[in-house]
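The block underneath contains the structure these notes are about, expressed in structure tokens.
The values are calculated or read from the model by the stated rules, or taken from the named source; none is laboratory data. Nothing here was measured: the structure is a model prediction, and the numbers come from that model. So basically every Cβ, Gly included, is an ideal-geometry build from the backbone, and we count neighbours across all protein chains shown.
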Amino acid sequence: MCGIVGYIGKNNAKDVIIEGLKKLEYRGYDSAGIAINQGGKLKIKKHVGGIQNLENLIKKEDMESHLGIGHTRWATHGAPSDLNAHPHVSMDGNIAVVHNGIIENYVELKEMLKKEYSCEFYSDTDTEVIAKLIGVLYEGDLVDAVYKAVDMMRGAYAIGAISASEDDKLVAVRKDAPLIAGIGDGENYIASDIPALLKFVKEIYLIENNETLVVTADKVSIFDENRNPVEREVFHVTWDADAAEKGGYDHFMLKEIHEQPKALEDTLSRRLGEDGLINLDGISMTKDEIENFSKIYIVACGTAYHAGLVGKTLIEKYVKVPVEIDVASEFRYRDPFVDDKTLFIAISQSGETLDTLEALRVAKRKGARVLSIVNVVGSTVARESDDVFYTWAGPEIAVASTKAYTTQLMCLYLLSLHMGLTKGTLERAKYDAVIEELKAVSDKIRLILKDSAKIEKLTKKLYNRDNIFFIGRGLDSAVAYEGSLKLKEISYINSFAIAAGELKHGTIALMAPGTLVISLATQDKLFEKMRSNMQEVIARDADIVSIAKEGNESIEEQSEAVIYIPECADEITPLLSIVPLQLFAYYVAKRRNCSIDKPKNLAKSVTVE
Ligand code: F6R
């Protein structure tokens with residue numbers, strides 16, 4: 001997804017901006033650009049492709065300047081090209097703009113600008129419309145022009161703007177797309193995301209919707225939509241820059257897979273007291289409320305949604321309350337049955353996914369209590385929720401989510417155990433037993449990771465299959481969906497997950513010699529049923545690779561290969577069985593020479609509909 005970096009101060013703006021944009025590369029992008037104010041003139045350079053292309057383009061240029069804005073673009077309006085890349089400029093070239101998000105009424109604004117101001121357009125983007133609009137409204141005061149332009153725009157955006165004739169400031173504005181300001185000494189920054197600034201500053205302001213930032217070298221000022229100054233607390237970032245580096249691994253994804261034991265320990269230890277009880281510090285949900293929820297919704301997208309599938313089973317089991325689960329893009333356009341006795345759980349790594357955010361707002365309007373499970377501290381989902389249950393996964397850079405998923409699961413275990421115990425629907429002995437299992441999970445994952453080489457070897461004969469199916473029953477089916485998504489998003493293999501019992505209702509028609517089926521068979525109580533489903537597949541000459549608990553050797557006769565996970569209770573298996581599937585996807589993608597950390601067409605944070 002698009003990224004923004006802006007700088008004003010004592011250093012060379014170009015260097016800061018390029019460095020910052022590189023830190024946002026993981027979000028996925030297709031072109032990059034920069035605008036600087038050089039002696040009262042704007043110099044704009046942009047290039048399709050990676051930041052390296054932009055660097056090559058400006059290598060021999062004099063780009064010395066104290067003020068600039070830069071952008072990585074992920075195409076929405078108009079194909080990836082030099083022309084469509086940001087920054088975009090006003091008619092007179094006096095104003096340059098970068099923008100994340102979508103301007104919904106850009107067509108009507110464009111028509112108006114053509115008709116009333118004879119504006120001509122060189123790109124297909126909605127961002128150029130913003131630049132032209134600010135340009136025609138400009139009367140010597142950039143802040144004023146930005147305010148007037150924003151009044152005329154509909155949509156979701158974070159915008160950064162500079163003017164040739166005002167070399168003492170950069171202006172930015174936010175509505176439904178992330179924006180932060182970095183506070184330096186004699187220099188200040190704007191960015192769409194924290195990692196862009198980690199190398200330079202640890203103190204930031206989180207900008208809220210409809211706020212405008214005026215940034216000079218000495219000061220960051222925030223104003224509300226009525227142009228009143230706003231006081232904002234400084235937010236201290238605790239991640240260090242190294243957490244956003246590869247640290248010796250070939251890819252961020254592999255590093256993040258290996259970080260899971262530690263991330264899970266962090267997520268667990270922050271919530272578990274010495275008495276074995278879960279502390280909900282910072283969460284104000286009361287016993288009365290827990291007892292009175294008549295329904296729970298879990299809403300999320302992609303991997304976070306798959307975590308929610310596990311959460312549904314856990315909550316229904318421990319809390320004995322009906323749980324509905326939905327993908328956010330569907331939930332928000334239905335008329336969901338939500339009221340003030342509903343607990344709405346949003347799950348999001350980034351906390352900026354627009355669909356999830358809008359679903360949350362729908363639920364809030366209908367009176368639900370909103371609790372979110374979020375990784376990025378201070379993100380919009382976190383800020384708009386009544387309560388936040390943070391995952392302590394640290395920054396997740398690879399587009400394919402791994403440690404965010406397992407820590408989301410951990411939060412769902414803890415939340416459901418806490419609610420069950422509080423409500424009296426879960427006995428303390430059972431609660432204690434599950435907590436003990438959770439404490440043992442990280443070491444069990446370490447054992448799986450130690451055996452990675454076996455999974456890598458297995459991929460040697462399987463990496464060039466055209467179709468791979470994932471099947472499972474109960475909690476295994478939830479993990480099958482996530483395993484399949486991991487594989488398809490980074491290896492581009494056509495992959496499909498289905499509850500094993502559903503196979504015979506249609507999908508089994510696709511089983512044929514050469515088809516590979518990954519069969520998750522970790523649920524003791526469903527094992528016999530699963531065995532029958534595997535038999536159905538074998539009868540069609542498809543090959544099976546199984547995931548099973550250690551000790552279950554009987555499964556070997558039905559499988560080409562078995563990947564074992566350490567023994568654990570049935571309800572804990574998702575935390576373990578996903579790890580070999582993440583490794584499988586990773587090694588298959590590696591053998592296929594895919595761009596693992598930045599798969600094509602995908603973005604880390606999806607801030608558009
Ligand atoms: C897949 C993946 C995506 C995200 C989805 C939601 O590996 O990462 O499916 O899970 O886009 O993103 P968040 O969790 O940031 O709301």
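Across the stretch 447-467, what is the total count of residues that are among the small types (Gly, Ala, Ser) and surrounded by 14 or more Cβ atoms within 10 Å (Cβ to Cβ)? Counting residues in the stretch 447-467 that are among the small types (Gly, Ala, Ser) and surrounded by 14 or more Cβ atoms within 10 Å (Cβ to Cβ) gives 1.
Residues are listed down the side, and each one gets a yes or a no for (1) within 16 Å of residue 319 (Cα to Cα); (2) over 21 Å from the mean Cα position of the chain (by Cα); (3) within 16 Å of the ligand (Cβ to nearest atom); (4) not aromatic (Phe, Trp, Tyr):
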{"position": "395", "(1), (2), (3), (4)": "no, no, yes, yes"}
{"position": "398", "(1), (2), (3), (4)": "no, no, yes, yes"}
{"position": "414", "(1), (2), (3), (4)": "yes, yes, no, yes"}
{"position": "419", "(1), (2), (3), (4)": "yes, yes, no, yes"}
{"position": "424", "(1), (2), (3), (4)": "yes, yes, no, yes"}
{"position": "428", "(1), (2), (3), (4)": "yes, yes, no, yes"}
{"position": "431", "(1), (2), (3), (4)": "yes, yes, no, no"}
{"position": "445", "(1), (2), (3), (4)": "no, yes, no, yes"}
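The numbered conditions (1) more than 16 Å from the ligand (Cβ to nearest atom); (2) under 24 Å from the mean Cα position of the chain (by Cα); (3) small (Gly, Ala, Ser) are all true for residue 273 except (2).
Look at the stretch 335-354: where a residue is hydrophobic (A, V, I, L, M, F, W, C) and a partner is in a loop (DSSP other than H, G, I, E, B) and away from the ligand (no atom under 15 Å from the Cβ), sitting 6+ places away or on another chain with Cβ atoms under 6 Å, you get 338/366; 338/368; 343/293; 344/368. If I go through the stretch 223-254 residue by residue, how many of them are modelled with pLDDT of 95 or more and among the polar types (S, T, N, Q)? Number of matching residues: 2. Restricted to the stretch 336-372, and to residues there that are out of contact with any helix residue (DSSP H, G or I) (no Cβ under 6 Å at 6 or more places or on another chain) and within 8 Å of the ligand (Cβ to nearest atom), the residue that is farthest from residue 409 (Cα to Cα) is 353.
Taking the criterion of being within 24 Å of the chain's Cα centre (by Cα), more than 16 Å from the ligand (Cβ to nearest atom) and among the polar types (S, T, N, Q), the only residue of the stretch 286-324 that qualifies is 313. When the residues of the stretch 471-491 are filtered to those that are away from the ligand (no atom under 16 Å from the Cβ) and under 25 Å from the mean Cα position of the chain (by Cα), the one that is surrounded by the most Cβ atoms within 10 Å (Cβ to Cβ) is 476. Only one entry of 69, 18, 4 meets the criterion of being surrounded by fewer than 24 Cβ atoms within 10 Å (Cβ to Cβ), within 25 Å of the chain's Cα centre (by Cα) and aliphatic (A, V, I, L, M), and that entry is 18. Would you check which residues across the stretch 209-231 are within 21 Å of residue 69 (Cβ to Cβ) and part of a loop (DSSP other than H, G, I, E, B) and list them? Answer for the stretch 209-231, where residues must be within 21 Å of residue 69 (Cβ to Cβ) and part of a loop (DSSP other than H, G, I, E, B): 209, 210, 216, 217, 218, 219.
When each of 604, 600, 590 is tested for being at pLDDT below 95 and out of contact with any Lys or Arg (no Cβ under 9 Å at 6 or more places or on another chain), the lone residue that passes is 600.
When residues in the stretch 277-320 are screened for being farther than 19 Å from residue 336 by Cβ, without any contact (Cβ under 8 Å) to a residue 24 or more places away in the chain and in contact with a strand residue (DSSP E or B) (Cβ under 6 Å, 6 or more places away or on another chain), 0 of them pass.
Residue 468: part of a strand (DSSP E or B) and either more than 16 Å from the ligand (Cβ to nearest atom) or on the phi > 0 side of the Ramachandran plot (or both), yes or no? Spelling it out, residue 468 is indeed part of a strand (DSSP E or B) and either more than 16 Å from the ligand (Cβ to nearest atom) or on the phi > 0 side of the Ramachandran plot (or both). With respect to the stated conditions, residue 382 fails to be buried (at least 24 other Cβ atoms within 10 Å of the Cβ), under 17 Å from the mean Cα position of the chain (by Cα), within 12 Å of the ligand (Cβ to nearest atom) and among the hydrophobic types (A, V, I, L, M, F, W, C). Can you pull out every residue in the stretch 588-609 that is away from the ligand (no atom under 14 Å from the Cβ) and crowded, with 23+ Cβ neighbours inside 10 Å? Answer for the stretch 588-609, where residues must be away from the ligand (no atom under 14 Å from the Cβ) and crowded, with 23+ Cβ neighbours inside 10 Å: just 588. Is there a residue being in a strand (DSSP E or B) and either modelled with pLDDT under 95 or surrounded by 17 or more Cβ atoms within 10 Å (Cβ to Cβ) (or both) anywhere in the stretch 315-323? Scanning the stretch 315-323, I find at least one residue that is in a strand (DSSP E or B) and either modelled with pLDDT under 95 or surrounded by 17 or more Cβ atoms within 10 Å (Cβ to Cβ) (or both), so the answer is yes.
Residues in the stretch 183-208 that are in a loop (DSSP other than H, G, I, E, B), within 14 Å of residue 234 (Cα to Cα) and among the charged types (D, E, K, R): 2 in all. Scanning the stretch 540-593 for residues that are farther than 17 Å from residue 468 by Cα and outside any helix (DSSP H, G or I) yields 548, 549, 550, 551, 552, 564, 565, 566, 567, 568, 569, 593. Looking at the stretch 148-165 only, could you name the residues that are within 23 Å of residue 66 (Cβ to Cβ) and surrounded by 20 or more Cβ atoms within 10 Å (Cβ to Cβ)? Result: 158, 159, 160, 161, 162, 163, 164. Taking (1) farther than 25 Å from residue 396 by Cα; (2) in contact (Cβ under 8 Å) with a residue 12 or more places away in the chain; (3) surrounded by 15 or more Cβ atoms within 10 Å (Cβ to Cβ) in turn, residue 112 satisfies each apart from (2).
Residues of the stretch 187-200 that are of a type in the set (A, V, I, L, M) and either within 21 Å of residue 375 (Cβ to Cβ) or at pLDDT below 90 (or both): 191, 194, 196, 197, 198.
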